[in-house]
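Step one of this worksheet: look at the structure below.
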Amino acid sequence: MKNILIQSIRVFFQLLYFLILIRILLSWFGNLRYSKFGILIHNLTEPILGPVRDMVDRSPIGQGTMLDFSPVIALFIMNIIQNLLYRLVMALF
């Protein structure tokens, strides 16, 4: 049971990392961002990146910058959450 949970957590977060990286790459190509694929990637990643972007915009880091650091910060936060979930599963089983 423990191994299944750990594998599920790993696959889930790898999928999220991959989707966020695709979104970063799509941001470099304006026309692909508005394709059906780009809209799908946006809809899958926005629940994670949106709140992080709002948090960054309210901080001193986000004021006046033209670069969006929310994917980098989201990946960092997701890594922390993934490690916490691993520890929780290990402690419970």
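Computed from the coordinates by the stated procedures, all read-outs in this text should not be read as laboratory data. None of the values given here were measured: they were computed from a predicted structure. Note: ideal-geometry Cβ built from the backbone for every residue, glycine included; neighbour counts use all protein chains shown.
Observations
- R10 being assigned to a helix (DSSP H, G or I), of a type outside the set (F, W, Y) and under 29 Å from V89 (Cα atoms): yes
- Restricting the range 33-84 to residues that are over 26 Å from V11 (Cα atoms) and β-branched (V, I, T), the residue that is nearest to the chain's Cα centre (by Cα): V56
- Residue in the range 35-49 that is among the hydroxyl-bearing types (S, T, Y) and under 21 Å from Q82 (Cβ atoms) present: yes
- Taking each residue of the range 2-21 that is buried (at least 16 other Cβ atoms within 10 Å of the Cβ) and looking for partners that are assigned to a helix (DSSP H, G or I) and among the aromatic types (F, W, Y) with beta-carbon atoms closer than 9 Å, six or more apart or interchain, yields I9/Y86.
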